[in-house]
Amino acid sequence: MKFIDAIRPNPKTRLAFVGAGGKLEAMFRLAGQIADPVICYADTYFDVDQCDMAVRHYFVRTREDLTALRAPLQDGISLVSGEEGDRKPSNT
């Protein structure tokens, strides 16, 4: 069974992936099975290789950086993240 068949998303569907390990891979696999444009966002640390799973990558540092997302989305997966090398501070 395909992931998309189990979830059966519609145009108003919003999903959040939580847990330890495999979230980004699962998010991109599902996004790749959706014919419409998809925005993927991760507020975590991920590999540059993982970014290659997206068709385009928007780096967001300020509110103004979000203006690119106001235009109609193109087909494929668009990844939204902080600047390369950004890392959330540790809670420890």
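We did not get these values from a lab; they are worked out from the coordinates using the rules stated. The shown structure was predicted, so the numbers you read here are calculated from the model rather than taken from an experiment. Here Cβ is always computed from backbone atoms with ideal geometry, including for glycine, and neighbour counts include all displayed protein chains.
Details
- Here the sum of -39500 (n - 2.57) over DSSP H runs of 4 or more residues, divided by the residues of the chain, equals -5000 deg cm²/dmol at 222 nm, to the nearest 500.
- With the simple model of a label 7 Å out from the Cα in the direction of the Cβ, residue 15 to residue 63 spans 3.2 nm.
- The stretch 1-41: trypsin sites (Lys or Arg not before Pro) in DSSP loop, at most 12 other beta carbons within 10 Å: 2, 12, 14
- Ordering 67, 10, 33 by the projection of their Cα atoms onto the charge dipole of the chain, which places +1 on the Cβ of Lys and Arg and -1 on the Cβ of Asp and Glu, puts 10 at the extreme positive end.
- Relative contact order [Cα under 8 Å, 6+ residues apart], the chain, whole percent: 32
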